[in-house]
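A short worksheet on the structure shown next.
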Amino acid sequence: MKIRKSRMEDIEKIMCVIHEAQESMRANGIPQWQDGYPSEDVISQDIKIGNGYVLVEDENIIGTAYIVAGHEPSYDYI
């Protein structure tokens, strides 16, 4: 397994991972990510700013993350 920065060509596979996670959370009564977030536009922006990452095993994307060092302004309002 390895972690690497996401690339634009990864978006379709990243969205598959996200949709699987959304379905699992829904099935377990977890309301997170049930409103269309994160969208392809959000993932694309994450990649453009260099904070999107994927977990790859045997050439398959099996996970995704947004990683930022330091302060993340969106957490000021949670």
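The values are calculated or read from the model by the stated rules, or taken from the named source; none is laboratory data. Note that this is a predicted model, so its numbers are computed, not measured. Because the Cβ atoms are built from the backbone with ideal geometry, glycine has one as well, and the counts that use them run over all protein chains shown.
Do we have ILE43 as among the aliphatic types (A, V, I, L, M), in a helix (DSSP H, G or I) and closer than 22 Å to MET1 by Cα here?
yes
If you scan the range 9-34, which residues turn out to be loosely packed, with under 10 Cβ neighbours inside 10 Å and closer than 22 Å to SER74 by Cα?
PRO31
Could you say which residue among ARG26, ARG4 is in a strand (DSSP E or B) and without any contact (Cβ under 8 Å) to a residue 60 or more places away in the chain? Break it down into steps so the answer makes sense when it comes.
Numbers: ARG26 fails: in a strand (DSSP E or B).
That would be ARG4, the only listed residue that is in a strand (DSSP E or B) and without any contact (Cβ under 8 Å) to a residue 60 or more places away in the chain.
Could you say which residue among ILE49, ILE43 is under 11 Å from the mean Cα position of the chain (by Cα) and on the phi < 0 side of the Ramachandran plot? Steps first, answer last, please.
Values: ILE49 fails: under 11 Å from the mean Cα position of the chain (by Cα).
So the residue among ILE49, ILE43 that is under 11 Å from the mean Cα position of the chain (by Cα) and on the phi < 0 side of the Ramachandran plot is ILE43.
Would you mind stating whether ILE43 is touching a residue at least 24 places away in the same chain (Cβ under 8 Å), surrounded by 13 or more Cβ atoms within 10 Å (Cβ to Cβ) and touching a Ser or Thr at 6+ places or on another chain (Cβ under 8 Å)?
Taking the combined requirement at face value, the residue satisfies it.
Yes/no per residue for (1) modelled with pLDDT under 95; (2) of a type in the set (Gly, Ala, Ser):
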| residue | (1), (2) |
| --- | --- |
| MET15 | no, no |
| HIS19 | no, no |
| SER24 | no, yes |
| GLY29 | no, yes |
| VAL42 | no, no |
| ILE62 | no, no |
| ALA65 | no, yes |
| HIS71 | yes, no |
| TYR75 | yes, no |
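Output the number of residues of the range 49-63 satisfying the condition of being in contact (Cβ under 8 Å) with a residue 24 or more places away in the chain and out of contact with any Lys or Arg (no Cβ under 9 Å at 6 or more places or on another chain).
Number satisfying all stated conditions: 2.
Looking only at the range 56-78, count how many residues are on the phi < 0 side of the Ramachandran plot and either within 10 Å of the chain's Cα centre (by Cα) or assigned to a loop (DSSP other than H, G, I, E, B) (or both).
10
For the structure I just gave you, tell me whether TYR37 is hydroxyl-bearing (Ser, Thr, Tyr), buried (at least 16 other Cβ atoms within 10 Å of the Cβ) and under 14 Å from the mean Cα position of the chain (by Cα).
Values: hydroxyl-bearing (Ser, Thr, Tyr): yes; buried (at least 16 other Cβ atoms within 10 Å of the Cβ): no; under 14 Å from the mean Cα position of the chain (by Cα): yes.
So TYR37 does not fit the description; no.
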